């Protein structure tokens with residue numbers, strides 16, 4: 001059997017030693033431990049062929065020996081790379097299954113609440129107060145929104161954006177008593193009166209709003225104090241953000257929460273915050 005050397009003369013055996021060698025012909029690729037005598041031109045002797053028949057060599061397909069020097073080590077690297085590829089594909093498949101399962105569970109939980117959200121009915125009215133034009137909206141559970149603005153159109157737009165899936169209607173008669181109470185609280189009267197509330201927010205926001213309800217009229221708390229009272233002493237910035245997200249200002253007195261070195265911010269504007277505090281007897 002005549003073969004052509006893939007690796008050249010460097011794979012030939014020196015005197016007294018056995019070497020790893022690779023040779024190939026048109027059909028087969030042979031790799032293994034070379035016999036004692038290998039000719040430089042890559043011609044296998046009869047004794048070499050007998051060694052190959054006896055299993056001293058491994059035979060591979062022609063397409064596996066297109067690259068010179070390709071042998072056992074190269075095939076091991078291919079097997080490792082193939083195994084790693086299969087492991088990566090398996091991890092991606094498991095991750096996708098986990099994500100699909102989480103999305104399905106979240107969708108199931110959401111479906112339970114969707115009927116309640118879509119069935120929410122909100123009644124609102126508008127009026128004038130010390131701070132300007134205001135809107136009061138309420139569900140069956142209690143007040144869900146108080147907003148102060150320039151006109152009815154602006155306030156109604158904010159209400160629709162806050163509750164896009166709710167059924168909203170205006171009812172002056174049903175909301176007249178609530179409107180008068182909120183108007184008096186803005187003026188600094190009836191501050192101890194408790195009104196039913198229907199607040200929607202994150203657990204952290206709800207904790208902050210609940211803590212603000214404990215601040216007595218005419219007193220203030222800093223953002224840091226509120227954070228410590230709810231067990232989150234380093235979350236004073238998040239407390240400030242929760243104050244800004246308060247949907248029921250005045251009734252939930254976020255204006256009583258101030259910065260340690262000043263008034264801090266206020267969604268309705270600093271002038272309105274000062275006016276609310278002055279109506280309660282607090283001067284800044």
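Can you list residue pairs whose Cβ atoms sit under 6 Å apart, with the first residue in the stretch 143-159 being free of Cβ contacts under 8 Å to residues at least 12 places away in the same chain and the second being surrounded by fewer than 18 Cβ atoms within 10 Å (Cβ to Cβ) and part of a helix (DSSP H, G or I)? Count only pairs 6 or more apart in sequence or on different chains.
Every condition considered, no pair remains.
Looking only at the stretch 223-235, decide whether some residue is at pLDDT below 95, touching a strand residue (DSSP E or B) at 6+ places or on another chain (Cβ under 9 Å) and in a loop (DSSP other than H, G, I, E, B).
no
Quick check, is residue 176 in contact with a strand residue (DSSP E or B) (Cβ under 8 Å, 6 or more places away or on another chain), modelled with pLDDT under 95 and in the same structural domain as residue 258 (by TED's automatic domain parsing)?
No: the conditions fail for residue 176.
When only residues in the stretch 264-283 that are in a loop (DSSP other than H, G, I, E, B) and out of contact with any helix residue (DSSP H, G or I) (no Cβ under 6 Å at 6 or more places or on another chain) count, which is surrounded by the fewest Cβ atoms within 10 Å (Cβ to Cβ)?
Out of the qualifying residues, it is 283.
Name the single residue that is farthest from residue 201 (Cα to Cα) among those in the stretch 259-284 being free of Cβ contacts under 8 Å to residues at least 40 places away in the same chain and within 31 Å of the chain's Cα centre (by Cα).
The selected residue is 259.
Could you please let me know if residue 218 is within 34 Å of the chain's Cα centre (by Cα) and outside any helix (DSSP H, G or I)?
no
Filtering the stretch 160-189 down to residues that are part of a loop (DSSP other than H, G, I, E, B) and surrounded by 14 or more Cβ atoms within 10 Å (Cβ to Cβ), which residue is nearest to the chain's Cα centre (by Cα)?
163
The values are calculated or read from the model by the stated rules, or taken from the named source; none is laboratory data. Predicted model only: the values in this text are computed from it and were never measured. When we count neighbours, we look across all protein chains shown, and the Cβ atoms used for this are built from the backbone with ideal geometry, even at glycine.
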